[in-house]
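Presented below is the structure to which this report refers.
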Amino acid sequence: KIKIEAHYRVDNKIEVGKPFFTIKKDDSGNFDLTIHRKDCDFQNYLINTSRVFWKDEIKDLPKGQREDYLQENKFIIDNYKTEGKHTGLDDDQVYEQELHFINKVYAYGYMLHRYKDPTKAWVFYLMDNEVVDDNMSQGRTGKSLLADKAIRLWMNSKYMNGRKKGLLDNDFLYDGVTPQTDYILYDDADKRLPFQQLFTDVTGDMNVNPKNGTPYTIARYESPKIAISTNYAPVGLDTSTTERILFSAFADWYHGESEEYKKREPKDDFGHQFFSEWDAQQWNLFINFSIQCLQFYLGQKHKIGAPMGNIKKRNLTSEMGPVFLEWAEDYFRDKMNQFVVKKEALKTLHEYNKAMQSISSSLFKKRVVQFCELKGHTFNPDIEGEKKDKEGRFMKWYNPIGATSGSSEEHFYLKSNVESEEEETTEKKGLYD
């Protein structure tokens, strides 16, 4: 029996309960998830924030039946077919949602474990899963219940306003952080937060410069774990970056008001506020569930990241920017599966919008490659009868109309992969990144 007294007063002793879930590997190496209990608010909240395909569930239903369906099927993640309530999801979609839930269980358990294993030193990065332009990001997906409320119940923590301009340039950034500090949260981080600057604090010792005090160093194994919650996609997802991040992506099951959907927040599903309006039973369930998440994390040999499909798409969309993406979609619409002169394409981009005039030739090529990755096209595929140079470029003679002479110019070739456009499969790459 244990007793918890944190930000909220809980006077009842905690009874050890039965398991909430079972997660194991099947013969093919895929995860097999079984949910045993449906009475834990916090587990049900993590289930709903993992339902990234909830809109696909209701898209074929009459509009008048959609809200009734969502209300009747609030906490489904592993049992669509067994309960006969599966409307529009295929097996890959159901499995991907299960992976999102398993990732959150693992990440929560990771954050609850105060020991900082040098081989498992990651920034916990909570973001929205929906692929939208960053200028449209609105949040309200429920990330704060996990990052700000739940984890801080267990930890000595320092809260950072992630939208504060120049936050990481503050000489006294870690003022108040001691070896007894378990957790630092950068909450609601702005898209311009240079989070890569935190990597040395995550993987190495942490240097603290307190106000009106003597600077000191907290050893790596005693330094706090760090989390970032944000509405925005990370920029610059190279291998070095992804190795230092533990992603969790949140579905927009909880969302603000829109033209198509009315506002939905956790209180709509549960009828009460989390933590402050819980009774003794829900506290029991929450603490037992938290401990099982910790046990699950400790039982895993490999990092369990979020499915990277939409995370990568949001990263690519963010790096290209809305203007370039708009131009590329229009320009390449009738230029697929044919050679395009690079310098002519770049010229049209420069003419398209003044903001694009500063894009160099090398950056332009990078953006086109990113566009192909986002849309599922192949950039410069091998073509029978055509040769590439040592740098993988198609160099072909180009003689513009009206010119007196021509020259050898770099050409692009974008191959349209129709299958990838019409039928998206579960993105499993990155599960252990």
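The values are calculated or read from the model by the stated rules, or taken from the named source; none is laboratory data. In this text the structure is predicted, and so the values were computed from the model without any measurement. So basically every Cβ, Gly included, is an ideal-geometry build from the backbone, and we count neighbours across all protein chains shown. Calculation scope for accessible area: heavy atoms of the full protein, side chains included, ligands and nucleic acids excluded. Shrake-Rupley method; radii C 1.70, N 1.55, O 1.52, S 1.80 Å.
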With each label point set 7 Å from Cα along the Cα-Cβ vector, what nm distance links residue 353 and residue 211?
4.1 nm
Sort the stretch 147-279 into rounded, prolate or oblate with this rule: let a ≥ b ≥ c be the square roots of the eigenvalues of the Cα gyration tensor; rounded if a/c is under 1.5, and if a/c is not under 1.5, prolate when a/b is larger than b/c, oblate otherwise.
prolate
Expected sort for 327-337, 247-257, 18-28 on mean C-beta neighbours within 10 Å, highest first, is 247-257, 327-337, 18-28
Extending each Cα 7 Å along its Cβ direction at residue 114 and residue 344, get the distance between those two points in nm, one decimal.
6.7 nm
Using a cut-off of 15 Å between alpha-carbon atoms, which aspartates and glutamates can reach residue 262, once sequence neighbours fewer than 8 places away in the same chain are excluded?
67, 68, 252
Can you give the extra length, in nm with one decimal, that the chain gains between residue 175 and residue 279 once fully stretched, where that is 0.36 nm per residue apart less the Cα-Cα distance?
33.8 nm
Work out the charge dipole of the chain with +1 on the Cβ of Lys and Arg and -1 on the Cβ of Asp and Glu about the Cα centre, then indicate which of 379, 327, 109 is farthest towards its positive end.
109
Above-threshold pairs, the threshold being 29 Å between Cα atoms, out of 143/165; 120/211; 301/365; 120/312
120/211; 301/365
Expressed in nm to one decimal, what extension gain is obtained for the pair residue 168 and residue 362 from 0.36 nm per residue of sequence separation less their Cα-Cα distance?
66.8 nm
Once both label points are put 7 Å beyond Cα along the C-beta direction, the residue 239-residue 334 separation in nm becomes 4.2 nm
Length added when fully stretched, residue 72-residue 91, from 0.36 nm per residue minus Cα-Cα:
4.7 nm
Net charge of Cβ neighbours under 12 Å - reference residue 203; Lys, Arg +1; Asp, Glu -1:
+1
Charge dipole (debye, nearest 20) of the chain; +1 at Cβ of Lys and Arg, -1 at Cβ of Asp and Glu:
1280 debye
Which Cα, out of 247, 127, 198, lies furthest along the positive dipole direction of the chain (beta carbon charges, K/R +1, D/E -1)?
198
Over the heavy atoms of residue 38, what accessible area does a 1.4 Å probe trace out, to the nearest 10 Å²?
120 Å²
Looking at the stretch 332-386, which GluC sites (Glu not before Pro) are DSSP coil and have at most 12 other C-beta atoms within 10 Å of their C-beta?
384
Taking a ≥ b ≥ c as the square roots of the Cα gyration tensor eigenvalues, with a/c under 1.5 meaning rounded and otherwise prolate when a/b beats b/c or oblate if not, the stretch 240-337 comes out oblate
Within straight-line cross-link reach of residue 18, aspartates and glutamates at Cα separation under 15 Å, skipping those fewer than 8 residues along the same chain
39
Leaving out ligands, DNA and RNA, what percent of the accessible area of the chain is carbon and sulfur, probe 1.4 Å?
45 percent
Per residue, what accessible area does the stretch 138-236 have, given a 1.4 Å probe and all protein chains present, in Å²?
47 Å²
Segments 399-409, 217-227, 155-165 sorted - mean Cβ within 10 Å per residue, highest first:
217-227, 155-165, 399-409
Residues in the stretch 315-359 reached by a label modelled at residue 386 [backbone nitrogen below 13 Å; 7 Å Cα→Cβ]
335-342
